[in-house]
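Novice: Okay, handing you the structure first.
Only the coordinates and a few stated rules stand behind these numbers; no lab work does. Keep in mind it's a predicted model, so treat the numbers as computed, not measured. Cβ: placed from backbone, ideal geometry, glycine included. Neighbour counts: every protein chain shown.
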Amino acid sequence: MYWNWKQNFARPGVYPGSFLVFWKMNRHHRPLQEFAMRFFELPEKGRVLDVGCGGGSFIAMMLKRAPGTQFHGVDYSPVSVKKSLSFNRGAVRGGQVKIVQGSVSALPFEPDFFDLVTASETIYFWPDPANDVREVARVLKPGGVFAVCCDAADKEAAKKYTDRIKGMTVYTPEELSGFLAGAGLTGIECHSDPATGMVCVTGRKPADSGSES
């Protein structure tokens, strides 16, 4: 049971104890998300995508700061989609939030669609981060920003998680920056908090770039 409960971090809703994981996601990811929001701007009247939206708390947090913005979430777990819709049900009814099931490897959105894409505590489980970040770049508008944030970026320290959670890989700040650079993003900045180990890496799609990226 302990193993299965931990596996919910990789595949929420597949194993017993998923309700605990969504509670932990929405509560314990908040410090990381507040840290990350210092390093990107929310568009006042644009579109934002949260990849791996989990329990939906990051979308709710950003919506409070940018109530005129359209927020989208995507998650490959149908249970995550259901929980995120429930957590944001008022904004969903009002048309400000849309949540869909899908994979980061084939995002169900048009090219050049979003002003900002965020990924909080999720890249650990992406099938192919180098190519998946290219898919993120595809749906970003020219000039749009991608922000990926993690509270674990030290491979050795993270072994207490990676040794127990199948499919979890922790990436260093240099590796995260490399994924963004490889996808053609520029102006890459890496922000870290030595006290907590939290990391937020941001990059921008070149303003003269089109959907071919």
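Novice: Report, in debye and to the nearest 20, how large the dipole of segment 55-196 comes out about its Cα centre when Lys and Arg carry +1 and Asp and Glu carry -1 on their Cβ.
Specialist: I would put it at about 760 debye.
Novice: Want the number for residue 160 to residue 41: 0.36 nm per residue separation, take away the alpha-carbon distance, what's left? Walk me through the numbers before you get to the answer.
Specialist: Details: separation 119, 0.36 × 119 = 42.84 nm, distance 3.36 nm.
Result for the pair: 39.5 nm of gain on full extension.
Novice: How much net charge surrounds residue 200 when only the other residues with a Cβ under 11 Å from the Cβ of residue 200 are counted, with Lys and Arg +1 and Asp and Glu -1? Spell out each step's value before the answer.
Specialist: Values: positive: 38; negative: 34, 151, 189, 193.
For residues surrounding residue 200, the net value is -3.
Novice: Still on this structure, please answer the following. With a sphere of radius 13 Å drawn around the Cβ of residue 170, what net charge do the other residues whose Cβ falls strictly inside it have (Lys, Arg +1; Asp, Glu -1)?
Specialist: Result for the neighbourhood of residue 170: -3.
Novice: Would you pull out the residues with amide H under 5 Å of residue 144's amide H, same chain only if 5 or more places away, H placed 1.01 Å from N?
Specialist: Under 5 Å from the amide H of residue 144 lie the amide H atoms of 205, each far enough along the sequence or on another chain.
Novice: All other residues with a Cβ under 15 Å from the Cβ of residue 68 taken together, and with Lys, Arg as +1 and Asp, Glu as -1, what is their net charge?
Specialist: Local charge sum for residue 68: +1.
Novice: Please give every one of the lysines within straight-line cross-link reach of residue 64, meaning a C-alpha to C-alpha distance under 22 Å, and leave out same-chain neighbours fewer than 8 residues apart.
Specialist: Here the lysines satisfying the reach criterion relative to residue 64 are 24, 45, 82, 83, 98.
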